[in-house]
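Written out below as structure tokens is the structure these notes cover.
The values are calculated or read from the model by the stated rules, or taken from the named source; none is laboratory data. Worth saying up front: this structure is predicted, and the values here are computed from it rather than measured. Virtual Cβ from ideal backbone geometry, glycine too; neighbours counted across all protein chains shown. Areas reflect the complete protein model, heavy atoms only, side chains present, ligands, DNA and RNA absent. Shrake-Rupley method; radii C 1.70, N 1.55, O 1.52, S 1.80 Å.
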Amino acid sequence: VQDQLIDWYDISAVEYNILMTLYAWPNIIFSMCCGILIDKIGVRRMIIISWIIALIGLSIIVYSCPIRDYFILCIGRIIVGIGNEGLSMTMKLYAIEFFTSKEYGAVFGIQLAFISFGGGLNMFISYRMYKWFNNNLIFSLLTPLFIAPIVCIPLFSLMFLEKTSILSKMVGI
């Protein structure tokens with residue numbers, strides 16, 4: 001994806017790497033803010049707010065494609081990072097309620113793997129979806145909604161297998 005984004009937005013490799021930094025800095029700042037917000041408004045409200053923020057960010061990223069605006073792309077990456085940090089925090093709290101302490105390692109490992117997979121898949125597919133739909137912005141904005149089930153269904157299935165100890169027996173834990 002790096003080469004396509006560099007060509008599409010006419011940016012340098014350094015500017016591309018700034019996109020990764022803009023996505024990662026909310027992990028530092030918003031982990032504390034999200035924790036406080038979760039305590040104040042609750043896990044369910046926070047997961048809804050975080051999901052909406054992430055979708056807005058993804059929509060901004062896709063919107064930046066037809067106008068080839070790097071600044072708007074950067075704003076979208078920041079907003080996605082903020083939304084994803086809230087999602088990550090809330091999902092961990094749900095996992096803590098559902099699983100025992102002996103299962104945390106496997107569950108959080110599965111969660112992290114699928115979060116990374118989903119983020120990479122979205123970055124890989126978003127640009128291609130935009131081109132596939134002949135530069136139609138509306139269809140491109142729906143890309144995250146196509147990707148989410150591809151990531152979430154296997155994630156929840158693996159977490160369920162872990163809870164029922166089937167996965168633990170399969171890998172010999």
### Task
Name the residue, out of 98, 108, that is touching a helix residue (DSSP H, G or I) at 6+ places or on another chain (Cβ under 9 Å), on the phi < 0 side of the Ramachandran plot and either in contact (Cβ under 8 Å) with a residue 40 or more places away in the chain or open to solvent by 70 Å² or more (accessible area, probe 1.4 Å) (or both).
98
### Summary
Flagged in the stretch 47-62 as over 12 Å from residue 81 (Cα atoms) and of a type outside the set (A, V, I, L, M, F, W, C), in numbering order, are 59
### Query
Counting just the residues of the stretch 45-69 that are open to solvent by 70 Å² or more (accessible area, probe 1.4 Å) and not aliphatic (A, V, I, L, M), which one comes out farthest from the chain's Cα centre (by Cα)?
68
### Message
Which of the numbered conditions does residue 42 fail, given that it passes all the others? Conditions: (1) open to solvent by less than 30 Å² (accessible area, probe 1.4 Å); (2) in contact (Cβ under 8 Å) with a residue 12 or more places away in the chain.
### Response
(2)
## Note on the structure
How many residues of the stretch 1-32 are modelled with pLDDT of 85 or more, open to solvent by 40 Å² or more (accessible area, probe 1.4 Å) and not in a helix (DSSP H, G or I)? The answer is 2
### Query
In the stretch 69-76, is there at least one residue being in contact with a Gly (Cβ under 6 Å, 6 or more places away or on another chain) and at pLDDT 85 or above?
yes
